[in-house]
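Following: one structure in C-alpha cells, then a few remarks.
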Amino acid sequence: MKEYEEVFKINNTVKPVWVLFTDGGPDENPRFINNIYQYCCLFKKLDLDYLTIRTNAPGQSAFNPVERAMASLSKKLGEISFSIDTFGNHLDSQGKIINKDLGLRNFRHAGEALCNIWQRDKIFGKPVYCEYVDEESMPFSDVVFETNLGCNNEKANDEYEEPEVGNVEDTEQVLWAWIENHAKMCKYSLDIRKCEVPECCSPKRAPEVATLLEPTNGFLPPVIKGKDNHFLNPIHTVEYLDSAKLAKYDEHCPSISAELYACLVCKKCKKYFPTCAFLLNHKHLAHPKSK
Ligand SMILES: [Zn+2]
Ligand SMILES: [Zn+2]
C-alpha cells in the first residue's frame, strides 16, 4: 500500500533489514513452525538481507503500543451488531445455509460496514486502513525454497532431489533445511539472514550489516545478561563484547532451566533449538544415520 511506503521503503526499494515486534499470540509467535515458514516466505519475497522477529516476554504485551492500539478496534466490535440478512435470508429455520451466494453477499455487506466503522477514527493520530477481502489471498504462492544448497550434511549433497508437487514429506525437508541454513530460532525471537551461497541467496543489499554481524555467524548475538544482571542490547553486545566468550543463545533465558537447556541441544553438533520438535527435525535431517 502506498501509505506504508514511507515506513517500508528507502529510495523506492524495500528496506533490506527489518525488525518486527510481535506479541506471543499463536498467529504471529515466531516459535510456531507455520509462522516461521510464513516469515521465511516474507523474507524471500521481499529479498531482505535480515529479518528479526522479537516477542515480548510473557506479561509484557500490555506495554506493546500496537496491542494497545488494537484494543480500540476490539472495543468497537463489542458495541455494534450487524444484520445477517440485508439482501434476504440465506438460512433455513434450522440455521443451515440454503443459499451460499446470498450468504456471501450478506457477509460482504457486514464486512464492508465493519471496515467503515474501523477506519472512521485515527489511532494515536495515525489513519486506519481497512479493506474487506473476498477470498483468502496467497501472497507467497510464488516463493520457492531452494533444495539444500549450502547445507553441509551428506544426505543433502548426495541424494537430494527436487520434491514432487504434493510430496509433503520432501517439501517439509527442503523447507526445514532452508530454515536451518538461514534462521536462528530462539524462544522469544526468530532471525533470518541470507547465506553465502550465490546459487541460493542473492547478493546482500546492505553488506555493512553482514560485516557487523560476521563474528556471530551473520546473526544478532544472543540476548545475554550483563554484569548488573540486566539484559544487554544485542547491538551493544556485538560492538563491545568478545563474541567468542558470549553465552549461548537462550542460555540466559529465565524460563529455560539448565536441565531443559541441555535437552534442547543436539548431542552431536551442539546446536540449540527452542523446542524438542525442532531438535528432532534437525536430527532427522542433519544426522540421518542416528535415527
Ligand atoms: Zn541462502
Ligand atoms: Zn546436530
- List the pairs whose first member sits in region 56-67 and is assigned by TED's automatic domain parsing to the domain that holds TYR188 and assigned to a loop (DSSP other than H, G, I, E, B), whose second member is of a type outside the set (Phe, Trp, Tyr) and exposed (fewer than 13 other Cβ atoms within 10 Å of the Cβ), and whose Cβ atoms are under 8 Å apart, counting only residues at least 6 apart or on separate chains? PRO58/SER255
- Item | Every pair of residues 6+ apart whose Cβ atoms lie under 8 Å, when the first sits in region 79-90 and is in contact (Cβ under 8 Å) with a residue 12 or more places away in the chain while the second is exposed (fewer than 13 other Cβ atoms within 10 Å of the Cβ) and not in a loop (DSSP other than H, G, I, E, B) | HIS90/ILE97; HIS90/LYS100
- Message: Please list, ordered by residue number, the helices (runs of 4 or more DSSP H) wholly in region 225-291 having 3 or more residues that are over 20 Å from ARG54 (Cβ atoms).
- Response: 258-263, 276-286
- Of (1) within 30 Å of VAL265 (Cα to Cα); (2) modelled with pLDDT under 95; (3) touching a strand residue (DSSP E or B) at 6+ places or on another chain (Cβ under 8 Å), ILE192 satisfies every one except (2)
- Note on the structure: Given the conditions (1) surrounded by fewer than 18 Cβ atoms within 10 Å (Cβ to Cβ); (2) within 13 Å of ligand 2 (Cβ to nearest atom); (3) free of Cβ contacts under 8 Å to residues at least 40 places away in the same chain, every one holds for GLU251 apart from (2)
- Query: What pairs can you find where one residue is in region 12-28 and farther than 15 Å from CYS41 by Cβ, the other is assigned to a strand (DSSP E or B) and among the aliphatic types (A, V, I, L, M), and their Cβ atoms are less than 7 Å apart, with a gap of 6+ or different chains?
  - Reply: THR22/ILE53
- Query: Looking at (1) at pLDDT 95 or above; (2) surrounded by fewer than 17 Cβ atoms within 10 Å (Cβ to Cβ), which is the only condition PRO288 fails?
  - Reply: (1)
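Any idea how many residues of region 46-65 are under 30 Å from ASN12 (Cβ atoms) and surrounded by 13 or more Cβ atoms within 10 Å (Cβ to Cβ)? Explain how you work it out, then say what you get.
Quick first cut of region 46-65, residues under 30 Å from ASN12 (Cβ atoms) only: 46-54, 65.
If we keep only those that are surrounded by 13 or more Cβ atoms within 10 Å (Cβ to Cβ) too, we end up with 46-54.
Going through region 46-65 one residue at a time, the tally reaches 9.
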- Task: Mind listing whichever residues of region 254-280 are touching a Leu at 6+ places or on another chain (Cβ under 8 Å) and more than 16 Å from ligand 2 (Cβ to nearest atom)?
- Result: ILE256
- Can you give me the number of residues within region 172-206 that are touching a residue at least 12 places away in the same chain (Cβ under 8 Å) and either in a helix (DSSP H, G or I) or of a type in the set (A, V, I, L, M, F, W, C) (or both)? 20
- Item | Some residue of region 104-124 being part of a loop (DSSP other than H, G, I, E, B), of a type in the set (A, V, I, L, M, F, W, C), in contact with a Lys or Arg (Cβ under 9 Å, 6 or more places away or on another chain) and closer than 28 Å to ASN34 by Cβ | no
- Of the conditions (1) among the acidic types (Asp, Glu); (2) touching a Pro at 6+ places or on another chain (Cβ under 6 Å); (3) within 14 Å of ligand 1 (Cβ to nearest atom), the single one that ASP170 does not satisfy is (3)
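The values are calculated or read from the model by the stated rules, or taken from the named source; none is laboratory data. Quick caveat: nothing in here was measured; it's all calculated off a predicted structure. When we count neighbours, we look across all protein chains shown, and the Cβ atoms used for this are built from the backbone with ideal geometry, even at glycine.
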